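Enquirer: Could you have a look at this structure, given as C-alpha cells, before my questions?
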Amino acid sequence: MSFRDFMLLFFICLAWGLNLVLTRWVVTDLQVPPLFFAAVRFAGVALFLIPFLRPVPAKLGTLFLISILIGSLNFALLFVGLKNAEASAVAVTGQLGVPISTLMSMAFLGEVVGWRRGLGIMLSFAGVMTIAFDPTSFRISTGLLYVIACAFIGSYGGILMKQMPPLTGLQVQAWVGLFSFAPLFAVSGLWEHGQVEAYIHGGWRAWAASLFAILGVSIFGHGGFYTLIKKYDVSMLSPLTLMTPIWGVVFGILLLNEPISPRLTLGAAIALAGVFIIAVRQNTRLPEAALGKKLGAGDS
C-alpha cells in the first residue's frame, strides 16, 4: 500500500473513531435524543447525495430491506447503545461485526471456518463479554447489549447485500439515507420527546457534529474506503481498520474523560486479537466479512 493510501485509511479510521465519541457526547451531554439524531444524519446524507440516486438500481425492494437493516435499525441500536454505554467500550464491542459476519457467511453462504478463525471468533466474544459483564454486580451493560444487537443486524444486512448488483459506495449511502430517515423520524416521534428543542438548544455544537457525521464519516469516510477497496485486497485492509476502535478508545479517554479500567483493557486486548485473527484469514464466500459493517452504512 502506498503511503498516500495508508494516510487516507488512517484518517478514515480516525473519523470513524472520533464520530463514536462525538455521538456519545451529543446524546448524553447535549441531551439530543439518539433516534432523532440518527434521523437527522440520514436526512442529511440523502440530501447531500441526491445525484447518486441515479440510475435507480435493480431490486429496489431488496435494497429497501437492506437499508432498514444497515440504516434505521442498525443506527437506532448503535445510538441508543451510545446513550447507555461509554464510547470506548462501544468502539471495541462494535467490532463483533467481524466474527458475526463470518458466522453468518457459514450459515447462509456455506463458508467453511478452520480452527484459527474459530479461535478468533471465540476470543472476540470472550473479550466483549469481559467488557460487558460486571462481576461485582453480576450485571451486563444494557448499552453494550444494544451494540451487540446492532452488530447482528448490520451483519445480516451485509449478507443480503450479496444479492444486489454492484453499487458504488456513495450510491449505497444515498439510498440507505433516503430509506432510513423517515422511519427513524417516525419512531422518534413515538418514543422520544423534546427532540427539536434539544437539537436547537444544542446549537452549533450539535449542528457541527451532524455535519461531521454526514460529510466526514458517511461521504469522505465511506467514499474513501470504497476507493481503497477497489485498489487493495480485503485481507490487506481489514487488519488496518482495527485503528478505528483504537481511536474510539483514545478519543473517549481524551475528550470524554472515560476511565481506563483493567477490565476494559483486558477485554479490548482479547477481543481485538480475535478480530485480527479473523481479519487476516481469507473468507472465500464473503470477503467483506473481515470488514464487519464498514461496507454497509459505515463504521459509525
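Enquirer: Once a ≥ b ≥ c are taken as the square roots of the eigenvalues of the Cα gyration tensor of the range 190-262, is the result rounded (a/c under 1.5), prolate (a/b larger than b/c) or oblate (a/b not larger than b/c)? Working shown, then result.
Expert: On the way: a/c = 2.74, a/b = 1.49, b/c = 1.85.
Oblate shape, in that a/c is at least 1.5 and b/c is the bigger or equal ratio.
Enquirer: What ranking, highest mean first, results for peptides 23-34, 181-192 when packing means the other Cβ atoms within 10 Å averaged over each residue?
Expert: Working: 23-34: 22.2, 181-192: 16.3.
So the order, starting with the most tightly packed, is 23-34, 181-192.
Enquirer: May I ask for the distance between the Cα centers of the range 67-142 and the range 189-268, given as a whole number of Å?
Expert: Using only Cα atoms, the two centres lie 16 Å from each other.
Enquirer: Another question, if that's okay. Going highest first, how would you order 159-168, 113-122 by mean Cβ packing within 10 Å?
Expert: The peptides rank, most packed first, as 113-122, 159-168.
Enquirer: Continuing with this model, one more query. Please list, in order along the range 74-87, the HN-Hα scalar couplings obtained from phi with the Karplus expression 6.51 cos²θ - 1.76 cosθ + 1.60 (θ = phi - 60°), rounded to whole Hz, x for Gly and Pro.
Expert: In residue order, the calculated couplings are 4, 7, 4, 5, 5, 6, 5, x, 5, 5, 10, 8, 5, 4 Hz.
Enquirer: Could I ask something else about it? Tabulate in residue order the Karplus-calculated ³J(HN,Hα) for the range 248-261, using 6.51 cos²θ - 1.76 cosθ + 1.60 with θ = phi - 60°, rounded to whole Hz; enter x for Gly and Pro.
Expert: In residue order, the calculated couplings are x, 5, 4, 5, x, 6, 6, 9, 10, 6, 6, x, 9, 8 Hz.
Enquirer: Largest first and in whole Å, give the semi-axes of the range 3-291's equivalent ellipsoid, each being the square root of 5 times a Cα gyration tensor eigenvalue.
Expert: Values: eigenvalues 141, 124, 63 Å².
Three semi-axes, in Å: 27, 25, 18.
Enquirer: For residue 266 and residue 233, calculate 0.36 nm times their separation in residues minus their Cα-Cα distance, and state this gained length in nm to one decimal.
Expert: Here the answer is 8.9 nm.
Enquirer: Could you give log10 I(q)/I(0) at q = 0.19, 0.21, 0.27, 0.30 Å⁻¹ for the range 55-103, computed by the Debye formula over C-alpha point scatterers of equal weight, without solvent?
Expert: Debye intensities relative to I(0), on a log10 scale: -0.75, -0.83, -1.01, -1.07.
Enquirer: Under 19 Å from the 7 Å Cα→Cβ point of residue 119, by amide nitrogen: which residues of the range 208-247?
Expert: 239
Enquirer: Using only alpha carbon pairs under 8 Å that are at least six residues apart, calculate the relative contact order of the chain and give it in whole percent. If you can, show how the numbers build up before the last one.
Expert: Details: 481 pairs, mean separation 121.0, N = 300.
Rounded, it is 40 percent for the chain.
Enquirer: Here is a follow-up. Treat the count of other C-beta atoms within 10 Å as a stand-in for reagent exposure and order 146, 156 from fewest to most.
Expert: Numbers: 146 23, 156 20.
Going from sparsest to densest Cβ surroundings: 156, 146.
Enquirer: Can I ask one more? Which length gain, in nm to one decimal place, applies between residue 2 and residue 182 when the Cα-Cα distance is subtracted from 0.36 nm times their residue separation? Walk me through the numbers on the way to the answer.
Expert: Values: separation 180, 0.36 × 180 = 64.80 nm, distance 4.09 nm.
My answer for the length gained is 60.7 nm.
Enquirer: Still on this structure, I have one more. Once phi is turned into θ = phi - 60°, what whole-Hz ³J(HN,Hα) does the Karplus curve with 6.51, -1.76 and 1.60 give for every residue of the range 139-146, x standing for Gly and Pro?
Expert: 10, 9, 4, 4, x, 6, 5, 4
Enquirer: When we measure straight from the Cα of residue 162, which aspartates and glutamates land under 19 angstrom away, once same-chain ones fewer than 8 places off are left out?
Expert: Answer for residue 162, where 19 Å is the Cα cut-off: 111, 233, 288, 299, listed by chain and number.
Enquirer: For residue 83, list the aspartates and glutamates whose Cα falls under 15 Å from its own Cα; do not include residues on the same chain fewer than 8 positions away.
Expert: Hits, sequence-local ones excluded: 29, 192, 258.
Enquirer: As a footprinting exposure proxy, order 230, 59 by other Cβ within 10 Å, with the fewest listed first.
Expert: 230, 59
Enquirer: At a 10 angstrom cut-off on C-beta neighbours, averaged per residue, how do the peptides 273-280, 198-205, 67-74 rank from highest to lowest? All intermediate terms of the calculation are to be shown ahead of the outcome.
Expert: Working: 273-280: 22.2, 198-205: 14.1, 67-74: 25.0.
Going from most to least packed, we get 67-74, 273-280, 198-205.
Enquirer: Can you give the calculated 222 nm mean residue ellipticity of the chain, where each DSSP H run of n ≥ 4 adds -39,500 (n - 2.57) and the sum is split over every residue, rounded to the nearest 500 deg cm²/dmol? Mind dumping the intermediate values first?
Expert: Numbers: 14 runs with 207 residues, N = 300.
That calculation yields -22500 deg cm²/dmol at 222 nm.
Values in this text are rule-based calculations from the coordinates and carry no lab data. Computed from a predicted structure; not experimentally measured. Positions of Cβ are generated from backbone atoms using ideal geometry, with glycine treated the same way; all protein chains shown enter the neighbour counts.
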